[in-house]
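The values are calculated or read from the model by the stated rules, or taken from the named source; none is laboratory data. From a predicted model like this one, the values you see are computed outputs, not experimental measurements. Every residue, glycine as well, gets a Cβ built from its backbone with ideal geometry; the counts of neighbours run over all protein chains shown.
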Amino acid sequence: MRICFLLKVRAEKLEEYKERHAQVWPEMLDALRQTGWHNYSLFLRPDGLLVGYLETDDFEKCCAEMKNHPVNARWQGEMASFFEALSEGAADDNMFPLEEVFHLD
């Protein structure tokens with residue numbers, strides 16, 4: 001299954017956000033792989049709109065497992081200040097998938 005989601009990075013944090021993602025912790029990368037995240041990409045528009053894309057067998061399961069992973073709590077704690085709220089809750093609680101309406105294979 002292909003998943004796409006949106007988040008919003010604060011304008012004043014764009015460069016630091018990019019720097020942090022150029023050096024994602026190895027244990028965070030391992031945790032993502034172990035919990036079922038594959039072919040995961042983040043795309044950032046100059047105004048801070050962040051588009052995430054991943055492939056997984058079960059999005060709800062991989063999110064739940066990642067949310068309970070110890071390294072994720074540390075990562076989310078460090079990253080929380082980077083995001084504008086699109087809705088209530090932490091950034092990893094706001095990753096609502098968008099509806100896929102077309103796909104060219």
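Considering region 1-97, the qualifying strands (runs of 3 or more DSSP E), each wholly inside and each with 2 or more residues that are touching an Asp or Glu at 6+ places or on another chain (Cβ under 6 Å) and surrounded by 12 or more Cβ atoms within 10 Å (Cβ to Cβ), run over 2-9. Being among the aromatic types (F, W, Y) and either at pLDDT 95 or above or in contact with a His (Cβ under 6 Å, 6 or more places away or on another chain) (or both) is the filter here, so list the residues in region 6-63 that pass it. Across region 6-63, the qualifying residues are Y17, W25, W37, Y40, F43, Y53. When residues in region 1-58 are screened for being on the phi > 0 side of the Ramachandran plot and in contact with a Gly (Cβ under 6 Å, 6 or more places away or on another chain), 0 of them pass.
Quick check: anything in region 98-105 exposed (fewer than 13 other Cβ atoms within 10 Å of the Cβ), within 11 Å of L6 (Cα to Cα), modelled with pLDDT of 95 or more and not polar (S, T, N, Q)?
Going through region 98-105, the residues exposed (fewer than 13 other Cβ atoms within 10 Å of the Cβ) turn out to be 98-105.
Checking which are within 11 Å of L6 (Cα to Cα) leaves us with 98.
With modelled with pLDDT of 95 or more added as a condition, the list becomes none.
No, region 98-105 has no match at all.
Looking only at region 21-50, residues that are farther than 17 Å from R2 by Cα and either touching a residue at least 60 places away in the same chain (Cβ under 8 Å) or among the polar types (S, T, N, Q) (or both) come to 2 in all.
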